Amino acid sequence: MSDTQKTFRALLHAQRVWDVPLPRFDASAAPADPLDLFRTWFAEAVAAGQTEPHTMTLATVDAEGRPDARTLMLHDADERGWHFGTHTTSEKGRQLAARPHAALTFYWPAQGRQVRVRGTVTPVGRAESRADLRARSTGALAAALTGTQSEVLPSRDELVRASEEAWERARAEPDTEVETWSRYVVEPHEAEFFQGDAERRHVRLRYRREAVGPWTRELLWP
Ligand SMILES: Cc1cc2nc3c(=O)[nH]c(=O)nc-3n(C[C@H](O)[C@H](O)[C@H](O)COP(=O)(O)O)c2cc1C
């Protein structure tokens, strides 16, 4: 084994998980709707000092059914579902147009918590997508105006040039349109809340429903 590999393994195996004081989660007292529990857990993640608790993994599948995943920002969570924003022309945008199903994962290690959401994905429409971008920072607008997300970039210089132009435009025209930008909503049919436990007696509470109607709640073996 090479020294580099040995160093890597030593570092890897020295890492710990569920090694901080963890909250108890009484699943029998969980609310009837997963959105309520998500909002509570999100507020608790912020209060616990979790860095970037509003970031999540979005998993999609491509036309051949092969999975793909990336980190995104959560833009909202309401009775319609979990919202994010991206370009319709990006890799994920194309994947979602062909197969409108996705899974989201949040991991909040400060409390040993994970939330998983699965559902159907719908673009929310032009008006809300425009408002989505307007409500965000100049940097977010500049980023959305820069180039064509997920296309091959010929050189770093090209990005710098396009980004400088985009920043200028974003500052001068804060209401400018980005035709490819869309807000999407994941309408959940399943959501799972995982509370880690030092003894590995993790609590997993799953909510599921077939269509609109009451949620079924059940515990899962960890
Ligand atoms: C912390 C973080 C937040 C991100 N938020 C977004 C986002 O809200 N929207 C977005 O399109 N890409 C976001 N990205 C970039 C994506 O991870 C990804 O690189 C990009 O969307 C292209 O993905 P695709 O090729 O699968 O379409 C974020 C990346 C990181 C690391």
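Things worth noting here:
- Spread of Cα-to-Cα distances over 10 Å intervals beginning at zero, given as percent, for region 1-91: 11, 28, 30, 24, 7, 1
- Dipole of the chain [Lys/Arg +1, Asp/Glu -1 at C-beta], most positive-end residue of THR138, THR176, THR57: THR57
- Peptides 142-150, 59-67 ordered by packing proxy, namely the average of other Cβ atoms within 10 Å per residue, highest first: 142-150, 59-67.
- Multiplying each eigenvalue of the alpha-carbon gyration tensor of the chain by 5 and taking the square root yields semi-axes of 33, 25, 18 Å, largest first, rounded to whole angstroms.
- Whole-angstrom gap from region 114-178 to region 82-110, using each part's C-alpha centre: 15
- Distance from the C-alpha centroid of region 205-222 to that of region 59-81: 20 Å, rounded to the whole angstrom.
- Per-residue ellipticity at 222 nm from helix content only, as computed over the chain with -39500 (n - 2.57) for each DSSP H run of at least four residues, stands at -9000 deg cm²/dmol.
- Unit charges on C-beta of K, R, D, E only; dipole of the chain, Debye: 680
- Karplus 3J(HN,Hα) series, Hz, for region 210-222 with 6.51 cos²θ - 1.76 cosθ + 1.60 (x for Gly, Pro): 6, 8, 5, x, x, 7, 8, 10, 8, 7, 10, 4, x
- Under the Karplus curve 6.51 cos²θ - 1.76 cosθ + 1.60, θ = phi - 60°, whole-Hz ³J(HN,Hα) for region 27-42, x wherever Gly or Pro sits: 5, 5, 9, 5, x, 5, 10, x, 4, 5, 5, 4, 4, 5, 5, 5
- For the listed peptides 174-186, 205-217, a ranking on the average number of other beta carbons within 10 Å per residue, highest first, reads 174-186, 205-217.
- Relative contact order (%) - criterion: Cα under 8 Å, at least six apart; region: the chain: 22
- In Hz, Karplus ³J(HN,Hα) per residue of region 193-203 (6.51, -1.76, 1.60; θ = phi - 60°; x = Gly, Pro): 10, 10, 10, x, 9, 4, 7, 6, 9, 4, 9
- Relative contact order (percent, whole number), region 59-137, Cα cutoff 8 Å, 6+ residue spacing: 24
- P(r) tail, region 102-216: Cα-Cα pairs separated by more than 16 Å, 72% of all pairs.
- Relative contact order for region 3-80, counting Cα pairs under 8 Å that sit 6 or more residues apart, in percent: 19
- Among 48-55, 71-78, the peptide with the highest mean count of other Cβ atoms within 10 Å heads the list, and the full ranking is 71-78, 48-55.
Bear in mind that the values in this text are calculations on the coordinates, not laboratory data. Just so it is clear, the structure is predicted and the values come from calculations on it, not from any experiment. Because the Cβ atoms are built from the backbone with ideal geometry, glycine has one as well, and the counts that use them run over all protein chains shown.
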